Amino acid sequence: MSDHDHSHHTGCSEYRDLSRRQFLASSTALSAAAVVFPEWLPRVTLSNHFSSTRDIMVSVFMRGATDGLAMVIPHTEARYYAIRPTIRTPAPDSMAANRAIALDNRFAFPPAMRAMLAPYQAGDLLITHATGHINNNNRSHFDAQRFMEVGKPVDPDLTTGWLGRHLASVPPMHPSPVLRGIGISSGLAKSLVGAPQTLPIADPANYGIGGSATTRTARMAMLRSNYEGSANPLRAAALDAVGTIDLLSRLNINAYAPAGGAVYPNTSFGRGLRSVAALIKADIGIEAASVDIGGWDTHAAQDPNAGQMATLMTGFAQAMTAFWTDVMNTGQRVTLVAVSEFGRNAIENGSQGTDHGRGTVMFAMGKGIAGGRVLTNGWPGLEAAQLEDRRDLRVTLDYRDVLAEIVQRRLENNNLGYIFPGWRPTFRGVTR
């Protein structure tokens, strides 16, 4: 599903099966409109007026459970080097050529994350560490991803996503939007389920209907007329899709020229963020987008300095920084958040990799983010007695605290009880 999916051979069997299922989930275009909100969810009242002052939200999911201790290194922890004998990055004060780059007096980037120094030093990138689901120790990729995307753990009745409920509970930002949400994938991301005027589109630059170009207009008109008399939600979903095909064919995303000298890597993640940037700048009404980057299930041959993990981190950092340069540094009101379902064991395994763990890192980026720092809710430490079950970085900061603050202060939506049901967030100073 991704040209970053380097863990095809090193990931666990559940992750490989999950990746296939996500790839095959191509029929969920109608699910956004067809979904039913459970009766117990708090009700919200919508304004009839559009709003153009809030941020656009871009949600990045690092699927496969990323190793936060490899992406942002606690370089002053002596035990980090002891428990990772073959997959550690040398300390910033070492003489090694591949030494880490200090972010502050506790944390550092490995060289593979160097590209993200620019937004970090500009104060636009916030890193939260020891982050995850604070009271849920489920280490199934499938379950943990679902829980995180719906915004609540262990609730089979909640079928909509947190971002979908956000869009469903605010008026449009654009007076006449064609497309409010987009998932850059074949199947709609769970986080967007329930969102109005939202579609999964794997490749917006080439979205359309097949067949002869000479009969395209007639066939589009026939499709539109066939569904105009249908009942909702089928009518709304079908007409949204037809309208989106019309719109994207006129945008010419393939010719999009990024601003500020930004260069997106030619990966599925890089191309996905580039497409999102083009759609945002086209001002068609996009308010939320989701983009995946897979391959983080690094059970073996992880090597954060010259191997699989180094390649993953390099592509991630370059694409994220290109988006920052192209979109955020040119005045667009956009916030991007990158999460992963859980972290990995603090202790290296016998295959020079790491197994499923708990705490990891989360990234928030944008001009409205109080960045340039690594935020923790008390660093839990890596000594044996400090680890959860003597093997995992403890989760001390729930990811919903970060998202809820962004939803209220950057997305201007106060319906937090509706978007994150059952969770009472504590704002951590994530936003400006």
>> Need pairs with beta-carbon distance below 9 Å; first residue without any contact (Cβ under 8 Å) to a residue 60 or more places away in the chain and within the range 67-92, second among the β-branched types (Val, Ile, Thr) and open to solvent by 10 Å² or more (accessible area, probe 1.4 Å); sequence gap 6+ or separate chains.
In response: 91/76; 92/101
>> Looking at (1) in contact with a strand residue (DSSP E or B) (Cβ under 8 Å, 6 or more places away or on another chain); (2) within 28 Å of residue 301 (Cα to Cα), which one does residue 348 not meet, given that it meets all the others?
In response: (1)
>> Give me the residue from the range 362-380 that is in a loop (DSSP other than H, G, I, E, B) and more than 16 Å from residue 132 (Cα to Cα) and, out of that set, nearest to the chain's Cα centre (by Cα).
In response: 366
>> Out of 139, 114, I need the residue that is in contact with a strand residue (DSSP E or B) (Cβ under 9 Å, 6 or more places away or on another chain), outside any helix (DSSP H, G or I), among the basic types (Lys, Arg) and under 26 Å from residue 303 (Cβ atoms). Which one?
In response: 139
>> Among the residues in the range 322-334, are any open to solvent by less than 10 Å² (accessible area, probe 1.4 Å), under 29 Å from residue 14 (Cα atoms) and either touching a strand residue (DSSP E or B) at 6+ places or on another chain (Cβ under 8 Å) or not β-branched (Val, Ile, Thr) (or both)?
In response: no
> Can you spot a residue in the range 165-183 that is surrounded by 22 or more Cβ atoms within 10 Å (Cβ to Cβ), more than 14 Å from the chain's Cα centre (by Cα) and within 17 Å of residue 339 (Cβ to Cβ)?
Replying inline: yes
>> So, residue 202, is that one free of Cβ contacts under 8 Å to residues at least 12 places away in the same chain, aliphatic (A, V, I, L, M) and open to solvent by 20 Å² or more (accessible area, probe 1.4 Å) or not?
In response: no
> Out of all the residues in the range 417-430, which are open to solvent by 20 Å² or more (accessible area, probe 1.4 Å) and more than 23 Å from residue 72 (Cα to Cα)?
Replying inline: 417, 422, 423, 424, 425, 426
>> Every residue in the range 212-248 that is more than 20 Å from residue 284 (Cβ to Cβ), surrounded by 13 or more Cβ atoms within 10 Å (Cβ to Cβ) and in contact (Cβ under 8 Å) with a residue 40 or more places away in the chain, please.
In response: 233, 234
>> Whether any residue in the range 263-278 is at positive phi and charged (D, E, K, R) is what I want to check.
In response: no
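Let's see how each residue does on (1) in contact with a Cys (Cβ under 8 Å, 6 or more places away or on another chain); (2) in a strand (DSSP E or B); (3) farther than 20 Å from residue 124 by Cβ; (4) at pLDDT 95 or above:
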site: 337; (1), (2), (3), (4): no, yes, no, yes
site: 341; (1), (2), (3), (4): no, no, yes, yes
site: 353; (1), (2), (3), (4): no, no, yes, yes
site: 382; (1), (2), (3), (4): no, no, yes, yes
site: 394; (1), (2), (3), (4): no, no, yes, yes
site: 402; (1), (2), (3), (4): no, no, no, yes
> When the residues of the range 99-155 are filtered to those that are surrounded by fewer than 24 Cβ atoms within 10 Å (Cβ to Cβ) and at positive phi, which remaining residue is modelled with the highest pLDDT?
Replying inline: 123
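Conditions (1) open to solvent by 20 Å² or more (accessible area, probe 1.4 Å); (2) on the phi < 0 side of the Ramachandran plot; (3) among the basic types (Lys, Arg), marked per residue:
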| site | (1), (2), (3) |
| --- | --- |
| 349 | yes, yes, no |
| 357 | no, yes, no |
| 363 | no, yes, no |
| 366 | no, no, no |
| 369 | no, yes, no |
| 377 | yes, yes, no |
| 390 | yes, no, yes |
| 396 | yes, yes, no |
| 412 | yes, no, no |
>> Quick test of your reading of the structure: residue 383 fulfils all but one of (1) over 17 Å from residue 336 (Cβ atoms); (2) open to solvent by less than 70 Å² (accessible area, probe 1.4 Å); (3) in contact (Cβ under 8 Å) with a residue 40 or more places away in the chain. Name the failing condition by number.
In response: (2)
>> When the residues of the range 335-347 are narrowed to those that are among the aliphatic types (A, V, I, L, M) and open to solvent by 10 Å² or more (accessible area, probe 1.4 Å), which ends up farthest from residue 381 (Cα to Cα)?
In response: 339
>> Could you tell me how many of the residues in the range 194-245 are among the acidic types (Asp, Glu) and at pLDDT 80 or above?
In response: 2
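The values are calculated or read from the model by the stated rules, or taken from the named source; none is laboratory data. Being a predicted model, the structure only gives us computed values, none of them experimental. Heads up, the Cβs are rebuilt from the backbone with ideal geometry, glycines too, and the neighbour counts pull from every protein chain shown. Accessible surface areas use protein heavy atoms only, side chains included; no ligands, DNA or RNA. Shrake-Rupley method; radii C 1.70, N 1.55, O 1.52, S 1.80 Å.
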